[in-house]
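The values are calculated or read from the model by the stated rules, or taken from the named source; none is laboratory data. Computed from a prediction, not measured in an experiment: that's the story for all the values here. Note: ideal-geometry Cβ built from the backbone for every residue, glycine included; neighbour counts use all protein chains shown.
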Amino acid sequence: MSNKGARNLFIFGSLFFFLIFIVLTFDTMGKLDKRAPEITEEVNAGKMAWHKYDCIGCHTIFGNGSYFAPDMTKVAEKKPKGYLKQFLMDPKAVNPKASMPKLGITSDEADKLISFLEWISKVDTNGWPPKPILAGAVGVAVKELTEGQKVYQSLGCSNCHMISGIGGTTGPDLTGVGSKRDGAWLSGHFKNPKAYVPNSAMPAYGHLNEKDLNVLTDYMVSLK
């Protein structure tokens, strides 16, 4: 190739890739506004509290931080607001096994932290972090899930509970719960946890229709 041809190739090639860069930049900028909700004063105050208590020293958000404690990117979607506030203010009062210390977070700071975490949870992260796979917990393929397992999965029970070593550790391990509790107890507990366990942090599922409640109860009873 002649010097002139090489020069033209370089010039036109550079222009071509520069145009691609410009197009992709505008495309990305156009999507950014849709990926995150508006930042309010409450959210900003929550972010300040997040830094004040050095939460990132143990937790991660968007993959950034430490890996000593759970990822907080979507925690506001997994835990009820009341539970989060109680836990932030006094972790061991909610979960005696919690390794998080009582940091002296006030009620107002807890509300602001939750606003920040709610804002974080609404950011479009393209499916990250991935949700727990229930099939791995019960040892069956997704297509073989029973109706009870589907309800368990849809309610996000594995965010707090563990079955066969898979799931969360906030709530009790349910691996052998069918050997410890009968159907009547389990069904009543789903409807009103505090009536059976006064200090329970589990939200009530009284809104479940009779079919879903029954199949979920049957699934729990089968775990022996």
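Checking the condition over 22 Å from Gly168 (Cβ atoms), surrounded by 13 or more Cβ atoms within 10 Å (Cβ to Cβ) and either of a type outside the set (Gly, Ala, Ser) or in the same structural domain as Ala201 (by TED's automatic domain parsing) (or both), which residue from Lys92, Lys112, Lys52 passes?
The conditions single out Lys112.
Find all pairs meeting these conditions: Cβ atoms under 9 angstrom apart; at least six residues apart or on different chains; first residue within the stretch 70-92 and without any contact (Cβ under 8 Å) to a residue 24 or more places away in the chain; second residue assigned to a helix (DSSP H, G or I) and among the hydrophobic types (A, V, I, L, M, F, W, C).
Taking only residues 6 or more apart or on different chains, the pairs are Met89/Ala110.
Quick check, is Ala93 over 28 Å from Val43 (Cβ atoms) and at pLDDT below 90?
No: the conditions fail for Ala93.
Return the only residue of Ile105, Ile11 being in a loop (DSSP other than H, G, I, E, B) and among the hydrophobic types (A, V, I, L, M, F, W, C).
Ile105
Would it be correct to say that Phe68 is at negative phi and assigned to a loop (DSSP other than H, G, I, E, B)?
Yes; evaluated as a whole, the condition is true for this residue.
Can you tell me how many residues within the stretch 147-159 are surrounded by 15 or more Cβ atoms within 10 Å (Cβ to Cβ) and either modelled with pLDDT under 85 or part of a loop (DSSP other than H, G, I, E, B) (or both)?
5
In the stretch 56-69, how many are in contact (Cβ under 8 Å) with a residue 40 or more places away in the chain and either within 16 Å of Gly171 (Cα to Cα) or buried (at least 18 other Cβ atoms within 10 Å of the Cβ) (or both)?
The qualifying residues number 1.
Of all residues in the stretch 162-184 being of a type in the set (A, V, I, L, M, F, W, C) and closer than 17 Å to Tyr152 by Cα, which is surrounded by the fewest Cβ atoms within 10 Å (Cβ to Cβ)?
Here the residue is Ile166.
For the stretch 189-203, how many residues meet the condition of being crowded, with 16+ Cβ neighbours inside 10 Å and part of a helix (DSSP H, G or I)?
Adding up the residues that qualify gives 3.
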